[in-house]
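The values are calculated or read from the model by the stated rules, or taken from the named source; none is laboratory data. Quick caveat: nothing in here was measured; it's all calculated off a predicted structure. Note that each Cβ is placed from the backbone with ideal geometry, even for glycine, and that neighbours are counted across all protein chains shown.
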Amino acid sequence: MISKKMVNYVKNSSAIRAMFEEGNRMAALYGKENVYDFSLGNPNVAAPTAVKDAIWEILDTEDPVLVHGYTNSNAGYEDVRAAVAASLNERFGTHFAAKNILMTVGAAGGLNVILKTILDPGDEVIVFAPYFGEYRSYTANYDGVLVEISPDTETFQPKLDEFEAKITPKTKGVIVNTPNNPTGVVYSEATIQKMAAILEKKQKEYGTDIYLISDEPYRELVYDGAEVPYLTKYYANTIVGYSYSKSLSLPGERIGYLVIPDEAADSEDLISAACVANRILGFVNAPTLQQRVVAKCLNESTDISFYDRNRETLYQGLKELGFECIKPEGAFYLFVKSPTADEKEFCAKAKEFHILMVPGSSFGCPGFVRLAYCVAHETIVNSLPKFAELAECYFK
């Protein structure tokens with residue numbers, strides 16, 4: 001008999017993954033080329049050749065016991081963490097050291113590590129809708145309480161008045177995700193500055209520490225000159241979670257890191273506890289070969305022109321058909337307003353045309369659907385006639 005907590009997790013299992021599995025089933029029935037699967041944010045761009053070169057170089061030249069063994073610290077290899085810190089310092093004018101970096105099993109692993117580190121039962125974690133739905137499970141894992149800020153469906157910038165009103169003495173963490181999944185919106189510097197000021201005010205008011213957790217797997221995926229503020233520069237109690245899943249197209253390798261700055265409250269204890277959390281959650285340490293690979297590829301990036309072309313093609317195509325959507329500034333998702341109030345009904349209708357998308361209610365924002373455009377360009381081009389048929393069901 002599984003636990004009651006797992007019963008709920010299974011019941012509310014990721015709609016994204018479920019839709020992806022449905023896509024595989026439909027592809028077997030109708031042919032992959034006849035199914036237009038926009039469900040999963042699985043990069044369709046190959047990793048930079050430097051990644052393969054780094055793997056071969058490491059395997060050919062480095063001690064295999066070192067490459068494949070446990071790291072001396074659960075935080076990861078000292079030289080890798082120093083390289084990551086130096087790269088961040090050069091790019092963002094920060095002053096991190098190896099001790100401030102903890103290598104993690106992707107951004108998801110990093111978020112679980114830091115939530116395990118800071119949450120006591122009943123502590124609250126604030127998220128801004130729409131948000132990545134797994135934040136619910138991550139918070140519940142440690143008996144935390146997720147507090148949602150309702151979406152501004154005009155701009156998809158955070159509602160800061162509601163945010164301020166919902167901070168309580170039990171608020172322990174605030175998760176921000178910019179560029180955002182599912183909207184592709186980048187939170188502006190003005191938004192971040194106002195958010196930081198609110199947090200500083202509330203910390204003083206309640207005499208508590210509130211950690212701003214920046215979930216950043218899409219940091220490098222931005223378009224049209226958009227800039228993503230680096231949050232540690234605006235608020236001392238910031239912790240950054242990063243993943244190479246998108247920037248280097250390595251989602252299956254599960255490699256990322258946490259940044260815990262010296263300026264964060266109780267930083268030494270946080271760092272020590274996060275290392276222990278990395279172990280007791282079963283990660284032990286981040287994949288060792290991939291740690292060494294990313295250290296050699298810190299100046300590499302995936303070709304975002306591929307995603308940009310997809311973005312323009314899908315956005316312009318859907319707008320011309322009458323669909324309403326905000327043009328994404330980053331990531332590789334398009335958030336489209338459902339032409340019917342029940343977006344799950346819209347998703348079901350789209351499936352009749354072999355189009356798979358994820359309902360916005362999975363992201364705390366009903367009435368919208370998410371399309372992941374990190375697919376082959378041909379998939380987008382070939383889907384547009386089907387979207388046209390779908391549009392005829394609503395825009396007559």
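Of all the residues in region 25-59, those that are over 30 Å from Val80 (Cα atoms) and outside the structural domain of Phe387 (by TED's automatic domain parsing) number 0. You will find that of Ser338, Ser301, the residue that is at pLDDT below 95, of a type outside the set (A, V, I, L, M, F, W, C) and within 26 Å of the chain's Cα centre (by Cα) is Ser301 and no other. Just wondering, is there one or more residues in region 307-322 that are modelled with pLDDT of 95 or more, closer than 30 Å to Trp56 by Cα and among the basic types (Lys, Arg)? Checking region 307-322: not a single residue is modelled with pLDDT of 95 or more, closer than 30 Å to Trp56 by Cα and among the basic types (Lys, Arg). It is to be established whether one or more residues within region 97-118 are touching a Gly at 6+ places or on another chain (Cβ under 9 Å) and farther than 22 Å from Tyr244 by Cβ. There is at least one residue in region 97-118 that is touching a Gly at 6+ places or on another chain (Cβ under 9 Å) and farther than 22 Å from Tyr244 by Cβ. Within region 128-148, the set of residues being more than 26 Å from Gly282 (Cα to Cα), surrounded by 21 or more Cβ atoms within 10 Å (Cβ to Cβ) and not aromatic (Phe, Trp, Tyr) comprises Pro130 only.
To keep it simple, each residue is scored yes or no on (1) in contact with a helix residue (DSSP H, G or I) (Cβ under 8 Å, 6 or more places away or on another chain); (2) buried (at least 16 other Cβ atoms within 10 Å of the Cβ); (3) modelled with pLDDT under 95.
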{"site": "Thr288", "(1), (2), (3)": "yes, yes, no"}
{"site": "Val293", "(1), (2), (3)": "yes, yes, no"}
{"site": "Ile326", "(1), (2), (3)": "no, yes, yes"}
{"site": "Ala331", "(1), (2), (3)": "no, yes, no"}
{"site": "Glu343", "(1), (2), (3)": "yes, yes, no"}
{"site": "Phe363", "(1), (2), (3)": "no, yes, no"}
{"site": "Val369", "(1), (2), (3)": "yes, yes, no"}
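Annotation note: of Ala107, Ala82, the sole residue that is of a type in the set (A, V, I, L, M) and either without any contact (Cβ under 8 Å) to a residue 24 or more places away in the chain or outside the structural domain of Asp269 (by TED's automatic domain parsing) (or both) is Ala82. Taken over region 25-49, the criterion of being surrounded by fewer than 16 Cβ atoms within 10 Å (Cβ to Cβ) and more than 25 Å from Tyr315 (Cα to Cα) is satisfied by Arg25, Ala28, Leu29, Tyr30, Gly31, Thr49. Residue count for region 230-254 satisfying the condition of being within 12 Å of the chain's Cα centre (by Cα) and of a type in the set (A, V, I, L, M, F, W, C): 1. If only residues of region 65-116 that are in a loop (DSSP other than H, G, I, E, B) and among the aliphatic types (A, V, I, L, M) are counted, the one that is farthest from Leu289 (Cα to Cα) is Ala97. One residue stands out in region 241-250 among those that are among the small types (Gly, Ala, Ser) and assigned to a loop (DSSP other than H, G, I, E, B): the one that is surrounded by the most Cβ atoms within 10 Å (Cβ to Cβ), namely Ser247. Looking across region 51-88, the residues that are closer than 16 Å to Val240 by Cα and surrounded by 20 or more Cβ atoms within 10 Å (Cβ to Cβ) come down to Ala75, Arg81, Val84, Ala85, Leu88.
Yes or no, residue by residue, for (1) surrounded by fewer than 24 Cβ atoms within 10 Å (Cβ to Cβ); (2) in contact (Cβ under 8 Å) with a residue 12 or more places away in the chain; (3) in a loop (DSSP other than H, G, I, E, B):
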residue: Pro217; (1), (2), (3): no, yes, yes
residue: Glu220; (1), (2), (3): yes, yes, yes
residue: Glu227; (1), (2), (3): yes, yes, yes
residue: Ile239; (1), (2), (3): no, yes, no
residue: Gly252; (1), (2), (3): yes, no, no
residue: Leu258; (1), (2), (3): no, yes, no
residue: Pro261; (1), (2), (3): yes, yes, yes
residue: Ala264; (1), (2), (3): yes, yes, yes
